[in-house]
Amino acid sequence: MGSMKVCIVGASGKLGRYMVQHALDRDYEVVGVCRERSVGKLEAFKGRITIIPGATNDREVIKKAVAGCDGVLTVLVPWGAQHYSSGTAQAVMDYANPEARLIFSCGWHISRDGKDVYPPSFQREEKLARWIGRLTRLVDIDDQVEACRRVFASDTRWTVVRGSDLEEGESQGLPVWSLHVGDPVLESNMTRRVDFALFMVEALENDELIHEAPAIVGCRTPSALAHAAGLDRRG
Ligand SMILES: NC(=O)c1ccc[n+]([C@@H]2O[C@H](COP(=O)([O-])OP(=O)(O)OC[C@H]3O[C@@H](n4cnc5c(N)ncnc54)[C@H](OP(=O)(O)O)[C@@H]3O)[C@@H](O)[C@H]2O)c1
């Protein structure tokens, strides 16, 4: 598919800008959605992408942005208390072409089937984030959970990519993934942000990931390397 057209919802964020770059590297036509005040953060891509400014939970904005797209990459952020994530996800599912590949980002804390096993430190952090969120109304993790619940229940061609803790730095290659947090391969809990974006963009053309919620980890982290070595030994 040489002339694929993709929409990136939340293009101005760190993850979003890496996805724009990976999409342009593949010669995809790119439409980016971001808040009006963040358009300047996409200056480096000027003339190479179409920008549609607006709130990502504004249904008219999304309708316009996803028109004619073969794929939609959506950054689900837990910001604000206006059902931002769930509103965004719903609009994407309602207006994207039914055949389009829809890729959503979230964190490990999202569970599809309740079979994820979280380390105690992770559970403490999530509790704290929810508590601060309720107090300040700046973060709404429950709304990101609701967004993903709706995606899991939909018959669109979706993938929900669940990111580990993130760090900056050069690409190390495509992250490895597993079905459940708690699987040994994921133990290192670290992915380069640029590679999280790479996984999202590669998922557009990987039909094996349709209706999956892969939890990812950097391919060069100790747990990923140990897992790969184990596979080698077993031949
Ligand atoms: N950070 C982590 O360690 C971590 C770990 C696991 C998973 N994740 C997942 O990774 C994805 C992106 O994370 P990231 O850390 O790389 O962030 P990021 O890409 O920098 O994204 C932040 C996004 O949130 C938007 N935003 C900020 N404040 C907002 C507000 N008040 N209302 C609406 N939108 C607002 C930003 O838009 P503007 O450009 O307009 O400001 C930007 O698009 C998310 O799906 C997240 O759940 C993150």
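Summary table
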| quantity | calculated |
| --- | --- |
| Single residue of E146, E208, E167 found to be in contact with a helix residue (DSSP H, G or I) (Cβ under 8 Å, 6 or more places away or on another chain) and more than 19 Å from T88 (Cα to Cα) | E167 |
| Enumeration of residues in region 89-113 that are out of contact with any Gly (no Cβ under 8 Å at 6 or more places or on another chain), of a type outside the set (G, A, S) and over 18 Å from V145 (Cα atoms) | D94, Y95, P98, E99 |
| Residue selected from region 211-235 under the condition in contact with a helix residue (DSSP H, G or I) (Cβ under 8 Å, 6 or more places away or on another chain) and aliphatic (A, V, I, L, M), by the criterion surrounded by the fewest Cβ atoms within 10 Å (Cβ to Cβ) | A226 |
| Selection from region 8-26 of residues that are open to solvent by 30 Å² or more (accessible area, probe 1.4 Å) and either of a type in the set (S, T, N, Q) or at pLDDT below 95 (or both) | Q21 |
| Every residue from region 131-158 that is among the polar types (S, T, N, Q) and in contact (Cβ under 8 Å) with a residue 24 or more places away in the chain | Q144, S154, T156 |
| Complete set of residues in region 136-183 that are of a type in the set (F, W, Y) and away from the ligand (no atom under 15 Å from the Cβ) | F152 |
| Candidates D155, D143, filtered to the one that is acidic (D, E) and touching a Phe, Trp or Tyr at 6+ places or on another chain (Cβ under 7 Å) | D143 |
| Filter pass, I103 being touching a strand residue (DSSP E or B) at 6+ places or on another chain (Cβ under 8 Å) and under 21 Å from R35 (Cβ atoms) | yes |
| Residues that are more than 16 Å from the ligand (Cβ to nearest atom) and not in a strand (DSSP E or B), drawn from region 96-122 | A96, N97, P98, E99, A100, D113, G114, K115, V117, P120 |
| Count of residues meeting criterion [over 25 Å from D25 (Cα atoms) and open to solvent by 50 Å² or more (accessible area, probe 1.4 Å)] in region 184-208 | 2 |
| Of residues in region 45-82 being free of Cβ contacts under 8 Å to residues at least 24 places away in the same chain and part of a helix (DSSP H, G or I), the one surrounded by the most Cβ atoms within 10 Å (Cβ to Cβ) | K64 |
| Subset of region 176-205 that is of a type outside the set (A, V, I, L, M, F, W, C) and within 20 Å of R112 (Cα to Cα) - its residue that is farthest from the chain's Cα centre (by Cα) | P184 |
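The values are calculated or read from the model by the stated rules, or taken from the named source; none is laboratory data. Quick caveat, the model's predicted, so the values are computed rather than measured. Virtual Cβ from ideal backbone geometry, glycine too; neighbours counted across all protein chains shown. Keep in mind that these areas ignore ligands, DNA and RNA; they rest on the heavy atoms of the full protein, side chains included. Shrake-Rupley method; radii C 1.70, N 1.55, O 1.52, S 1.80 Å.
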